Amino acid sequence: MIDTTQVEREASEDTTKETETERTDTEQALDACPECEGHLEHDQKHGETACGECGFVVTADEIDHGPEWRAHNTSERQQRSRVGAPTTKMMHDEGVSTEVDWRNQDAYGNQLSERQQKKMNRLRTWHTRSQTRNSQERNLQHALGEIERMASALGLPKSTRETASVIYRRALDEDMLRGRSIEGMSSAAVYAAARQAGIPRSLDEITAVSRIEELPITRTYRYLARELGLKIEPADPLDYIPRLVSDLDLSDEAEQRSRDLLTTVIETDESYLSGKNPVGLAAASVYAGALLANEKVTQETVGEVADISEVTIRNRYKELLEIGEDVPVP
């Protein structure tokens, strides 16, 4: 009696040997030129395989299974990679870590049992502890959280938040935090990033969302800009006018007259801006522009919106009256 199992096994082995022989012959054929048996070279740029000796093209129009983008260094390769979530400087681990959901539910939305909930709470605790390895990473994690909170309250865009995170990382790498608070350095980084981006945010606004007073923020900002060599242009009072006009609900004519007046004053006396608060200048010009447009607004109202005292607005307005042209007297 013939053993069918043995026959099938032998047939399978013969088929495997034939397949391996065919694969070996194919590999040998691809390694040698069919015309002169020279060495074949693969041109990845043109998608061709040609002989390096006689130039005979063996295969053409090959399919490129790689990415359609080009990367010249490691940084570009990481930024353009589509594997996983994009990296960001706004997180201490640049966004490569995982998260444990806070909801005590399974994949079907069912509530977990009491025993499973306790287990998940322990996992969350250990997961949080494992995210930071040393005090420097814990410092960075806390600081980036503060930067995100303040930037969100100030309405700063994502690019500015990234810049603030990079500034803080540079300060941390250069050991500039010794003797200074995390909140102070975070607030100074947010203010510096907003200044670099040309977004009008005053120190009073930064202080309003920060956890410390204005004086430590000012000192830390000056120290940060000096040590890191940040190139920050002086604040332009013209940048504050649109926001003040919008908060006061004034017309476009009032905004245009305010802008024209302040521009005329600056062109008349270029040294006028030196040593003056740009928010105070913007508030005084908005007050004057509203009067020029025959719109009723008081110095007290403008001062509350700009967070500037009435005395400052009155003094700047008198200076505009002396330098500018056609400034109305209240």
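Worth pointing out:
- A single member of 322, 295 is assigned to a helix (DSSP H, G or I), among the acidic types (Asp, Glu) and surrounded by fewer than 17 Cβ atoms within 10 Å (Cβ to Cβ), and it is 322.
- All of 96, 100 fail the test of being modelled with pLDDT of 70 or more and of a type in the set (Val, Ile, Thr), apart from 100.
- Here 149, 219, 170 are screened, and the one residue that is exposed (fewer than 14 other Cβ atoms within 10 Å of the Cβ) and not small (Gly, Ala, Ser) is 219.
The values are calculated or read from the model by the stated rules, or taken from the named source; none is laboratory data. All figures in this text were calculated on a predicted structure; none of them were measured in a lab. A quick note on method: Cβ atoms are made from the backbone with ideal geometry, for glycine too, and the neighbour counts reach across all protein chains shown.
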